[in-house]
Amino acid sequence: RAAIKHIHLFDSRTKAFKDDRVLQENIIIHLENKGQQGSVIISTSTDDSFADLTVHKHPFSRIVLPSDLEKFIHIPTSSTKSSIEKLTYVKHTLFDIGVNVSTGPVVDFRVKAFLRDMPEIDTVPLIYPLHLNRTKTVWPISGSKKPNAILRNKKTEKWLYPNGFYCVVRRFSSKEEERRVVASVIDPATFIDQHVLGFENHINLFHQNKHALPERLARGLTVFLNTTAVDEFFRQFNGHTQVNATDLKQMKYPSRDILNQLGEWSMQHDNLTQSQIDNKLIELAQ
């Protein structure tokens, strides 16, 4: 019932309301009741002094994607197309490639009675972001501030996934971090003799109808999501520090075949550098 005219985003989470010590994402949105929807002005500044104000105008199709049935509002922070938008083969939805993405279902503060610091009888691994890095999963971690396991029982069974290969992405980062999107591979070899796994709520995981992915696909998704182009795209279109399952669902991806190629390529290298990953993405477009 209203047209979006202007959105202003404060880059700093601490300065806009510093007198009240509020740590929060802050935007100002100008709506016109019963207005005609046209281009949208997007402006940004570090804080409420507006000393470094930048202003860009965008077509409405960049704010609410025409294909998005849920009508999520995006806040692009650059007027130019990102590298990922220029790659014509990155055009498939997760539905097209037969993959689902979900937020980790275990909300730890709601199930404290079932959490265990270290593995015990009748427990299964509980994976947090601290167990992940870009090359491998480290579990369990002795002396960790977070538990390493959760009891397997009738109440927790519905939250558990079969042990196998998954691509996972941390949900939270800070604006100051080098990367917003950080993907990792869950390798079942890390969890020998474990039949199921628990994923904590600060993780997004890619799966196939709540089952594991083929190894090549899991590794290919991880390589793609760790490209600079994807991180750049995400920063341009998401003016917040969370990487939600909805954001990952709205993105476009290479075909399943290309993702499998990426996965197979990554399996031939022990340690991939950022430049190798980025160059491979460009090479596929040629």
Completion exercise
For the chain, the longest principal axis of the Cα atoms and the Cα long axis of helix 256-266 enclose an angle in degrees, to the nearest 10, of 60 degrees
Handout entry: Most to least packed among 134-147, 248-261 [average Cβ atoms within 10 Å]
Key = 248-261, 134-147
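At 222 nm, what value in deg cm²/dmol follows for the chain if DSSP H runs of at least 4 each add -39500 (n - 2.57) and the sum is divided by all its residues, to the nearest 500? Present the calculation step by step, with values, prior to reporting the outcome.
Numbers: 7 runs with 56 residues, N = 286.
Here the helix-only value at 222 nm equals -5000 deg cm²/dmol.
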Problem - Nearest 10 degrees, 0 to 90: helix 274-283 Cα axis against the chain principal axis - result: 70 degrees
Exercise for the section: For the chain, set up a Gaussian network in which alpha carbons nearer than 10 Å are linked by springs, and say which option among Phe191, Phe114, Phe165 fluctuates the most. Expected result: Phe114
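Can you order the peptides 119-125, 212-218 by their average number of other Cβ atoms within 10 Å per residue, highest first? Working shown, then result.
Working: 119-125: 15.3, 212-218: 20.6.
Highest to lowest by the protection proxy: 212-218, 119-125.
Summarise the accessible area of the chain (1.4 Å probe, protein heavy atoms) by the percent that is carbon and sulfur. All intermediate terms of the calculation are to be shown ahead of the outcome.
Details: 7780 of 15140 Å².
On the chain, the fraction of accessible area on carbon and sulfur atoms equals 51 percent.
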Handout entry: Principal-axis tilt of helix 228-237 within the chain, Cα atoms, nearest 10 degrees
Key = 50 degrees
Fill in the blank from the handout: Here region 149-160 yields Karplus 3J(HN,Hα) values (6.51, -1.76, 1.60; θ = phi - 60°; whole Hz; Gly and Pro given as x) of 8, 9, 4, 9, 8, 4, 6, 8, 3, 5, 9, 9
Problem - Most fluctuating residue given options Tyr166, Tyr128, Tyr89, as computed from a GNM of the chain linking Cα atoms under 10 Å - result: Tyr89
Handout entry: Percent of C-alpha pairs per 5 Å bin, region 43-97, short to long
Key = 4, 15, 18, 22, 19, 10, 7, 4, 2, 0
Fill in the blank from the handout: Subtracting the Cα-Cα distance of Asp68 and Phe172 from 0.36 nm times their residue separation yields 35.1 nm
Handout entry: Net charge of Cβ neighbours under 12 Å - reference Val124; Lys, Arg +1; Asp, Glu -1
Key = -2
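Could you do me a favour and compute the accessible area per residue for the chain, 1.4 Å probe, result in Å²?
Numbers: 15140 Å² over 286 residues.
Solvent-accessible surface per residue comes out at 53 Å².
For a Förster distance of 45 Å, can you work out the FRET efficiency between the beta-carbons of Asp270 and Glu32, rounded to the nearest 0.05? Walk me through the numbers on the way to the answer.
On the way: r = 56 Å, r/R0 = 1.25.
It comes out at approximately 0.20.
The values are calculated or read from the model by the stated rules, or taken from the named source; none is laboratory data. If you're wondering where the values come from, they're calculated on a predicted model, not measured in any experiment. A quick note on method: Cβ atoms are made from the backbone with ideal geometry, for glycine too, and the neighbour counts reach across all protein chains shown. What goes into the accessible areas is simple: the full protein's heavy atoms, side chains included, and nothing from ligands, DNA or RNA. Shrake-Rupley method; radii C 1.70, N 1.55, O 1.52, S 1.80 Å.
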